[in-house]
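Everything below concerns the one structure shown next.
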């Protein structure tokens, strides 16, 4: 135990000053961001890498260094960041952002650009030569297309690919001949960009497959969950900031239904009660075949429609004509008591109908 400690001490003592300074700068870099990740930068030309770093300016920063120093930096910080050491291999860099890991992943994927693939490289995806006119004049190139596996022919003075042709599957190595054909056709089958290997944020380590979510589907799931929660709160009568207005409206509607059913004489219910009574009166008058048995005011009345009967207990507004008839009936009972004998009989008949 003591020998190991001595060896580690000697190793620490022999670290050059510039390495110590570099580690200190790396430690400062990873500590200033909420999310810190490791990105693969292999195969990215320096000019494109610089363009990517400029494109990330203001939202994320990239810091490159030697792998040994990067591992030492996250080990010194600890706080869970040491989990990133397993991803520091090959040509990599730190990336830091105050955005959440999902936003970072989405931004990095969106910043990738198509690029040609060279001989000896491994195809990241299936390489497909699409159907269509290549725009190349008849010549030896049609044979090259056929040799790499494309269904190509000379037609109408041009070389054409007759159908989408998969000339290389993902994971296979690109030959020089295929690289030349793809270059001639302007096909760029790979994407160049910063590949996120892992990112650490809020005590959790995320890998790319955990961050590659469909935002629209995720939003739809959240909206469905919110809707279900709202319905549950309303049905269980749980008062919340969102459910309370609906609960109050529901309670008011139920109270009104009870009031109408019990025929409670309330100022807010009277229009509906009068409309219902008028509809019942009309229905009863329409059911009597002998017009002579009806007062004049109730003769030749139209039978109320099914819709009027169904809505009588629910609507908040009485039909304007029915209101006018009801008001005229009241005026006939109160203001025209001195009218002729027929009018008196009609008033008595309506009173009997209402009980």
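Since every read-out is calculated from the coordinates, none of them should be taken as a lab result. As the structure is a computational prediction, the values presented were derived from the model and not from experiment. Methodologically, a virtual Cβ is constructed for each residue, glycine included, from the backbone with ideal geometry; neighbour enumeration extends over all protein chains shown.
Structural remarks
- Extension gain for residue 19 to residue 288 (0.36 nm times residue separation, less C-alpha to C-alpha distance): 86.1 nm.
- The convex hull built on the alpha-carbon positions of the range 96-250 has an orientation-averaged projected area of 15.9 nm².
- Building the convex hull from the alpha-carbon atoms of the range 127-189 and averaging its projection over directions returns 3.8 nm².
- From most to least packed by mean Cβ count within 10 Å, the peptides 249-261, 106-118 give 106-118, 249-261.
- Between residue 113 and residue 82, the contour length at 0.36 nm per residue exceeds the alpha carbon distance by 8.0 nm.
- Full extension of the chain segment joining residue 262 with residue 128 gains 40.6 nm, where the gain is 0.36 nm per residue of separation less the Cα-Cα distance.
- With each label modelled as a point 7 angstrom along the Cα→C-beta vector, the residue 244-residue 50 pair spans 6.0 nm.
- Shown here are the Rg and Dmax of the Cα trace of the range 216-259, at 13.5, 47 Å.
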